[in-house]
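Below is one structure, written out as structure tokens, with a few remarks after it.
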Ligand code: OAD
């Protein structure tokens with residue numbers, strides 16, 4: 001047995017290594033697994049988690065772009081803009097009912113729970129699925145609205161509506177109720193945006209999770225946090241490459257978050 005193999009046997013006994021097959025050299029290589037450097041929650045007073053579709057991916061909610069992404073199977077022009085709704089409201093509402101039904105089949109994962117258990121944390125999310133709230137998070141700023149709310153496009157009436165099917169799709173004023181979601185071409189709600197900028201501008205730890213950062217204003221948030229003096233972390237199996245981040249953890253939200261905060265998984 002070589003010195004290296006000897007050393008590895010010893011490390012394996014104390015549980016510090018894993019073996020990975022490497023086809024290229026026809027052998028297995030042994031990697032030292034360094035435990036992840038944890039973040040001490042008590043070192044920060046205002047933590048903002050900024051989340052995108054990747055946050056819900058391990059729960060089974062599909063992401064938007066890339067392999068298996070929603071926009072690969074459904075066209076934005078047919079399902080996710082006001083013009084589509086005006087052309088064919090029933091078709092657009094049926095698409096959103098399908099999304100509601102598939103989200104209801106999913107449950108929040110350990111990563112959602114780690115965030116929900118943190119009293120000084122606020123969530124700014126691009127997600128419309130309500131998974132953070134279902135995990136118990138109280139302060140959730142939903143930039144793109146919610147699958148669980150309807151809005152009248154004529155009189156502005158809003159209605160909470162949780163369930164697979166919409167309770168109704170007509171407003172008392174007679175017009176259609178549309179999902180209260182920011183579709184392509186819609187303006188973001190100014191009050192919601194201002195709350196998000198304020199939260200991010202005042203945080204001392206900014207953790208972005210599972211977003212490609214391609215949609216405005218998401219793209220500017222890491223920079224805003226950095227300029228406000230926050231320590232910035234990105235969690236993503238395919239990091240964005242944004243230079244604002246002080247630390248990038250390549251991995252899945254549900255695995256990384258418990259480890260990063262030293263919380264055991266359920
Ligand atoms: P995208 O689909 O653009 O990006 C999802 C990101 O999640 C990618 O960077 C993936 O690498 C990452 N990811 C995948 N699995 C992950 C996991 N298990 N853990 C962590 N990250 C993971 O989704 P968003 O950036 O959220 O808007 O997209 C932004 C907006 O564009 C959405 O809110 C939606 C969409 O069109 C509207 O519909 C208005």
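Taken together, the values in this text are just the output of simple stated rules run on the coordinates, not laboratory data. Model, not experiment: these values are computed from the prediction.
Projected onto their three principal axes, the Cα atoms of the range 173-214 cover extents of 47, 22, 14 Å, largest first.
Give the Rg/Rh ratio for the range 40-120, taking Rg as the radius of gyration of the Cα atoms and Rh as the Kirkwood radius, to two decimals.
Looking at the range 40-120, the ratio lands at 1.11.
Taking 0.36 nm per residue of separation and subtracting the Cα-Cα distance, full extension of the segment from residue 37 to residue 215 would add 61.0 nm. In this entry, the range 185-251 is assigned a mean projected area of 4.5 nm², taken as a quarter of its C-alpha convex hull surface. Rounded to two decimals, the Cα-based Rg/Rh of the range 105-217, with Kirkwood Rh, is 0.99.
What's the whole-number percent of alpha carbon pairs in the chain lying beyond 24 angstrom? Result for the distance tail: 55 percent.
Beta bridges from DSSP with both residues in the chain: antiparallel share about 40 percent, rounded to the nearest 5. With the helix formula -39500 (n - 2.57) applied to DSSP H stretches of n ≥ 4, the chain reaches a computed 222 nm mean residue ellipticity of -8500 deg cm²/dmol. Relative to the longest principal axis of the C-alpha atoms of the chain, give the angle of the C-alpha long axis of helix 89-104, reported between 0 and 90° and rounded to the nearest 10°. With both axes taken from Cα atoms, the answer is about 30 degrees.
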